[in-house]
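Q: My structure is below; once you've seen it, I'll send some questions.
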Amino acid sequence: MNLAALLPAEILAGTALAVLLADLFLPHRDKAYLGLLSAAGLAAALGGTARQLAAGLHASLWGGIFLLDPFALFFQTIVLGAALLVLGVSLPYLERWGRDDGEFYALLLMAVLGAMMMVASRNFLEIYVAMELLSVSSYALAGFLRPDPRSGEAALKYYLQGVLASAALLYGISLLYGLSGSLDLSVVGARSAGSLGVVALVLVAGGFALKIAAVPFHMWAPDTYQGAPAPVAAFLSTASKAAAFAVLARVLLTAFPAAQGPWQELFAVVAAASMALGNLAALGQRNVRRMLAYSSIAQGGYVLIALAVATPTAVAASLFYLAVYVFMNVGAFSVLSFLAGPTGGEELADLDGLAERRPALALALAVFLISLAGMPLTAGLMGKLYLFYAAVQGGYAWLALWGVVFTVVSYFYYFRVLRHLFWGTAPPRPAAPAASVPAGLALGAATLATVLFGVFPQPLLQLALHSLGMLR
Amino acid sequence: MVLAVWLLPLASFLILLAAGRRLGHRSGVVSSVLTGLTLPGVVALLAAAPAGTTRLAAWPWLGILGHGLSLGWLVDPLSVMMAGVVALVSTLVQVYSLAYMKGDRDFPVFFAEISLFTFAMQGLVFAPDLLQLFIFWELVGLCSYLLIGFWHTRPAAARAATKAFVVTRTGDLGLLAGILLLWSATGTLNIPRLLALAGSGALGGWVLTGSALLVFAGAVGKSAQFPLHTWLPDAMEGPTPISALIHAATMVAAGVYLVARMYPLFAASPTALEVVASIGALTALLAAGMGLVENELKRVVAYSTMSQLGYMMLGLGTGAYTAGLFQLFNHAFFKSLLFLAAGSVIHAADTHDLRRMGGLARRLPLSAPAFLAGALALGGIPPFSGFFSKDPIIAATAHQPALYAAALAGALLTSLYIFRAYFLVFAGTPRGEHPGGEGSSAMRGPLWILTVLSLGSGLAYHFFHRYLGRHPAAPYPVWSGSTWITLAVSGTGILLAWLLFANRPVERPRLAAPAHRLLAERFYLDQLYAGTIVRPILALSRAASWLDRRAVDGLVNGLARMVMSFGRGLRRVEVGRAQSYALAAFWGLALFILLLEGVR
Amino acid sequence: MPEAFGILTLATLGGALGVVLATDVVHSAYFLVLAFLGVAGYYFLLGGEFVGAVQILIYAGAVAVLFLFAVMLTRRRADPVWGRSPARWLGVGGAAALLAWLLLTHLERHPWPTKLPPPAPHNTALIGKALFRPFVVPFEVVSVLLLAALVGALLLARKEGGAS
Amino acid sequence: MPSLGDFLAVGAGLFVLGLFGALMKRTAVAVLMGIELMLNAANLNLVAFAAFSGRISGQIFALFVIALAAAEVAVGLAILLSLFRSRATVRMDDIDLLKG
């Protein structure tokens, strides 16, 4: 029973090992097969998780250390889906950079494994260990493009922030353990009242907030997203963020329901600050990747509204938003990964006339940006609408209004990119390499999902609500 | 029937999207024919939806939150009327564009975008649900953005498109907030249900007034009402047929349509109605003033559009519901006529500048009378159509002196500025080289049809009133006590224009210099917005970027580090900036602890 | 006992202070070992012999050696904290002081048990059992993590152009 | 016999000293040392709590943390090394390529 429920995770771990082993023996020209192997493993794990989610699996393993409930399965599906998309665009990306190290795929798989374990856990020890797995793999991935000093710098900055945050998180956990005598989330919350519990919880929340890149724990994000390989930035800004949000939500809403109240105000402030700073700073960026980095700080702010409002509707809305956010954000970063060369190529001016050079890519990027901006007929609008609706309903009308105001600010920079895409006059330049089949599939799927969930959001929303119902 | 009216343009869009390049010039024909085919559909709807009926077809779309949202259509006299205007003007404009846009590099794209616009506009018109309305509302805005920027190689066009987008979006923000407010207060976004709630008094107090005003904010942006009107004159950078279709007859009228659609909501709140009427009157007056000193032909017509939309709002706000809508109906025709005639003029004169035209009446034997017909309709001279709608609106304000004065002054200015344009363009002697003449038959046909409509559409006032009137219907006084006054005022305007502008070789500013300047600078509102909104946002953005990157690091490191590291060059790994990031995070942690403990 | 605690505290906090204040990175590394050993001493004092032993082996041994290697591989340079700008002193010192004040006051306010219960007899055996019963999943995750760290470290430290 | 509070006070001191070092030192290697001190502080807490409550889980957590910390340091130093390599040849003025 236990092992069967863990099958997706086992598949992932097995695939990672297989990739590492095969890497030793494969000749250089065949390294692309490693990517396909990883994709197969991810797809199998995704299929398994989706089936568990569909079956409404609710299993508590090893005395509750491991908890596979629909909430966890929902986020596992998100993470796996994001990773699969990222993998799709990584294949041509690595090829173009002339990197054939199989370690990339193994590290990506292990990072995904960490995220999967992290969201399916009810024990601080397991959460911590799984998060470290995600982090350690991510640090190495961020520094993957060794010859490019920007990649190393991105890795170092992420690493330092991550390790410091994890130290704070660990210290907070140790205090909670001392207060409650347990590491089990369901026990810790009940026994950690009092002011020291608050101190500990702030430290813990700060550790997760760093991964979400919420203000004021966001400062690594622009540098890291800009310097890391584009697919890795896509992964960090979606899968990693979603997993951290899941754990934070589980800790705050299920383990510490009594600690609500002042908490909500705190998250309202963090959410408001993230929306404001992310959107305003994005406005001033000329580098598109950096602009997207700030935009994803802002997007994190929208999602954090859910923790401020803390009603089931709001949390369901955040689940929906994160799910569709994966498609649009991975998609946007992925398109950029096709454009940039070793010498940059991600400035706004570099996008000029892309619609004529690469119409499909330009159209896809337009869809993602329009969705991130929250325009109609895209999933982004639906997500924002639910979040803002939940905020108004939950008595946080000002937060919804704040969100709406900064959504308008965000139009400025999203549409500036569109103007360059479609209206810029293209300088003659070497034709960008043709997209490969896996990348085309990934981008196509992301585009389709972004539009589809904008037109038929119902099933996904239903799933989010259902996943939530089982949370308690 | 609804589906045909609604989806034929979509089909046209999809066909052009798929095969536009291959169809080439024929793409315009395909699009025009498919749009034209919706006209019989509208006629059928007219028969199927007699006065006072409401047919609602809605399928659940988002059934989870509140009482859910639905997707479908709402057929009542209001939506049928609006759909008719959209279908007719869209067809005529497309036929006109066949000739006007001939030879343009992106000819198929142009028609694809017009088709998409028509589809979106019909979706807006038939929306039974506020969310559906909002979605198409935004889609319409997007099409407008694309079409204003159609000649995007001209920087002015790209700038104008962006400006239009952002300014109208500011209004849409209000609409969205209003929708959220209504949704959370009532749990439904179904329009008939909402209106029933408002009518029965179940929805009241600040929620009612607040949501009505927020919805009106959306209408203000879309219909270019004060203070969100600044985008419309710039939008004239788009092709002239677009100005006729989107920025005169249909999209900008969507704001008026929205207010009419949600009228019971407004009617239940006297405050909201007062605001609508005041904004309308103010816009009517200001825009007419600005039109008086404008030297670009299309912009004159654009100011007149703003001004007329103001009259429509004024009508709705003072309770002259049918008159306001009838003005929308008539205006759609005479304003498209003015734009298309202006297009012919520009085509022939090869300039936008009034000061370089003149004496064109001989060269343009059709466009000149067509423009004159449009101008007479605009001026409200019987028996042209404008008279039958504008006069009742002005009459409805008679018991409110301030509004009445504004409306009358607006009327004077209206005939003054439009006949100034007419005389400067067509009368006198040529003041420049005018190479061209009247366009091809594709351009002449729509002009003829619209001229006839501008002459005749007013006569339908009786039918219109009975068909659209709210119940219990108030009488529709076409000829009232104030009519003579209005006519006298309008006539004075025409006379003044003739005295001042006809047969003058070159126009010199006739107004006192400061007033002229104030009007020419559009009351300095653009500058005001740039100073109070755009620049602060950009400054905020710069401040945010600076705070985020430099402030912490700069504060804790100062210049010293930069100088030092510059001098020595880096030979070992230093992490100064990353440390500053962490410093900010830990200050955050400490302050949050302090904050929470303070709360307890 | 109190004497032992005092000596260990001196070693631990003194070592930590030494890490921060030492000008030479190599000296910092030595002070770090001292602090690690002090912490290991606490573990023994608290009856956690196994953890103490692991602390000495891995931290004071392996990790410290890693640090020394890193120092040797990169450029060595004097790194005095007092050479930093007053603003940074204020920023970092303020944050550290505020955090210290918050932690200490809240820790003090809590009624902690003062008596140490007698240590469980088969401490190491208990740990072993727990590792393979309730904590087997994290244990597995850690093994993957070690692999990931290995792979990642090798990948990053590899010379460009060398056989991959 | 020292009380639990004494151990916790030492832990807090170690945490803050480590933080101070991590944010104050210029050399990345020394920064990592500071972070290790912070981790040790948390570990000391865990073991102390475990001992005073007669539970074993705190010790186990500490063991995990030790293993993780070693792995983390290895990765961190590898990043430093890789960065040092690319910088030594490319000659950059600071780790400051990425900024707004």
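Just so it is clear, none of the values below were taken in a lab; they were calculated from the coordinates. As the structure is a prediction and not an experimental result, all values here were calculated from the model. Neighbour counts are summed over all protein chains in view; Cβ atoms, including those assigned to glycine, are modelled from backbone coordinates with ideal geometry.
Q: Can you tell me the 0 to 90 degree angle between the C-alpha axis of helix D:28-53 and the longest principal axis of chain D, rounded to 10?
A: Tilt relative to chain D: about 10 degrees.
Q: Going Cα to Cα from B:Lys335, which lysines come in below 19 Å? Please leave out same-chain ones fewer than 8 positions away.
A: Of all the lysines, those that pass the test against B:Lys335 - Cα under 19 Å, at least 8 places apart if same chain - are B:Lys222, B:Lys298, B:Lys390.
Q: Here's a follow-up. Given bins 20 angstrom wide, list per bin the percent of all Cα-Cα distances in the protein assembly as shown, short to long.
A: 11, 36, 29, 18, 6, 0
Q: Moving on to the next point. Counting partner chain Cβ atoms within 10 Å of every residue's Cβ in A:224-237, what's the average?
A: Other-chain Cβ atoms within 10 Å of each residue's Cβ, averaged: 1.
Q: Could you state the number of Å between the C-alpha centres of segment C:117-153 and segment A:59-98?
A: For segment A:59-98 versus segment C:117-153, the Cα centre distance is 25 Å.
Q: Which value, in debye to the nearest 20, describes the size of the charge dipole of segment C:2-86 about its Cα centre when Lys and Arg Cβ atoms bear +1, Asp and Glu Cβ atoms bear -1, and nothing else is charged?
A: The calculated dipole for segment C:2-86 is roughly 400 debye.
Q: Can I ask one more? Just tell me which aspartates and glutamates come within less than 18 Å, Cα to Cα, of C:Lys129; anything on the same chain fewer than 8 places away is out.
A: Within reach: A:Glu126, C:Glu49, C:Glu140.
Q: Please compute, over every Cα-Cα pair in segment C:120-164, the percentage with a separation greater than 16 angstrom.
A: Percent of Cα pairs beyond 16 Å in segment C:120-164: 58.
Q: Follow-up question, since we're still on this one. What distance in nm separates the simple spin-label points at A:Ala55 and C:Glu140, each placed 7 Å from Cα in the Cβ direction?
A: Simple spin-label model gives 1.6 nm for this pair.
Q: For segment B:272-300 and segment B:91-121, write down the distance between their C-alpha centroids in whole Å.
A: Measuring centre to centre over Cα atoms gives 29 Å.
Q: Report the local net charge at A:Pro231: Lys and Arg +1, Asp and Glu -1, summed over other residues whose C-beta lies under 13 Å from its C-beta.
A: Charge balance near A:Pro231 sits at +2.
Q: Which value in Å does the Kirkwood hydrodynamic radius of segment C:2-86 take, with 1/r averaged over all unlike C-alpha pairs and then inverted?
A: The answer is 13.6 Å.
Q: Give the calculated FRET efficiency between A:Phe456 and B:Trp479 to the nearest 0.05, with a Förster radius of 60 Å applied to their Cβ-Cβ distance.
A: 0.65
Q: For the pair B:Leu56 and A:His466, what calculated FRET efficiency results from E = 1/(1 + (r/R0)^6), where r is the Cβ-Cβ distance and R0 = 41 Å, to the nearest 0.05?
A: In this case the efficiency is close to 0.85.
Q: What FRET efficiency do you get for A:Ser195 and A:Thr254 if R0 is 25 Å and r is their Cβ-Cβ distance, rounded to the nearest 0.05?
A: Approximately 0.70, to the nearest 0.05.
Q: Would you kindly calculate the mean projected area, averaged across all directions, of the convex hull enclosing the Cα atoms of chain C, in square nanometres?
A: 14.4 nm²
Q: May I pose another question? For chain B, with equal point scatterers placed on the C-alpha atoms only and solvent neglected, what are the log10 I(q)/I(0) values from the Debye formula at q = 0.06, 0.09, 0.12 1/Å, to two decimals?
A: -0.35, -0.71, -1.16
Q: How large is the Kirkwood hydrodynamic radius of chain A, counting all unique pairs of alpha carbons, in Å?
A: One over the average 1/r among Cα pairs gives 21.9 Å for chain A.
Q: Which trypsin sites (Lys or Arg not before Pro) in segment A:286-394 sit in a loop by DSSP (not H, G, I, E or B) and have at most 15 other Cβ atoms within 10 Å of their own Cβ?
A: Listed in order of number, the matching sites are A:Arg286.
Q: Quick one: helix D:57-90 against the long Cα principal axis of chain D, what's the angle to the nearest 10°, folded into 0 to 90?
A: Roughly 10 degrees between the two axes.
Q: Counting each pair of different Cα atoms once, what's the Kirkwood radius of segment A:13-107 in Å, rounded to one decimal?
A: Hydrodynamic radius (Kirkwood, Cα only) of segment A:13-107 equals 14.6 Å.
Q: Run down the aspartates and glutamates and flag those whose C-alpha is under 13 Å from the C-alpha of B:Lys163, throwing out any fewer than 8 positions away in its chain.
A: Filter leaves B:Asp234, B:Glu237, B:Asp526.
Q: To the nearest Å, what is the center-to-center distance of segment B:16-35 and segment A:356-425, using C-alpha atoms only?
A: 31 Å
Q: Residues with beta-carbon under 14 Å from that of A:Val247, excluding A:Val247: net charge, scoring Lys, Arg +1 and Asp, Glu -1?
A: +1
Q: Another question, if that's okay. Taking the Cα centre of segment D:4-91 as origin and charging only Cβ (+1 Lys, Arg; -1 Asp, Glu), how large is the dipole, in debye to the nearest 20?
A: 480 debye
Q: Continuing with the same structure: So if I place +1 on the C-beta of Lys and Arg and -1 on the C-beta of Asp and Glu, and nothing else carries charge, what would the dipole magnitude of chain A be about its Cα centre? I want it in debye, nearest 20.
A: Computed about the Cα centre, the dipole is about 560 debye.
Q: Okay, moving on. Grab every C-alpha pair in segment A:186-276, bin the distances at 5 angstrom width from 0 up to the longest one, and report whole percents.
A: 3, 13, 21, 24, 16, 11, 7, 4, 1
Q: Here is the link list: A:Lys31/A:Lys157; A:Lys157/A:Lys384; A:Lys31/C:Lys159; A:Lys157/A:Lys211. Which ones come out longer than 24 Å on Cα distance?
A: A:Lys31/A:Lys157; A:Lys157/A:Lys384
Q: Could you run the Debye sum over the Cα atoms of segment A:108-195, one equal point scatterer each and no solvent, and tell me log10 of I(q)/I(0) at q = 0.12, 0.18 Å⁻¹, two decimals?
A: Debye output, listed in q order: -0.45, -0.81.
Q: First select every other residue whose beta carbon is under 15 angstrom from the beta carbon of A:Gly114; then total the charges, Lys and Arg +1, Asp and Glu -1.
A: Taking every other residue near A:Gly114 into account, the sum is -3.
Q: Simple spin-label model, 7 Å along Cα-to-Cβ: B:Leu591 to C:Ala87 in nm?
A: In this crude label model, B:Leu591 to C:Ala87 measures out at 1.7 nm.
Q: Sort segment D:4-91 into rounded, prolate or oblate with this rule: let a ≥ b ≥ c be the square roots of the eigenvalues of the Cα gyration tensor; rounded if a/c is under 1.5, and if a/c is not under 1.5, prolate when a/b is larger than b/c, oblate otherwise.
A: oblate
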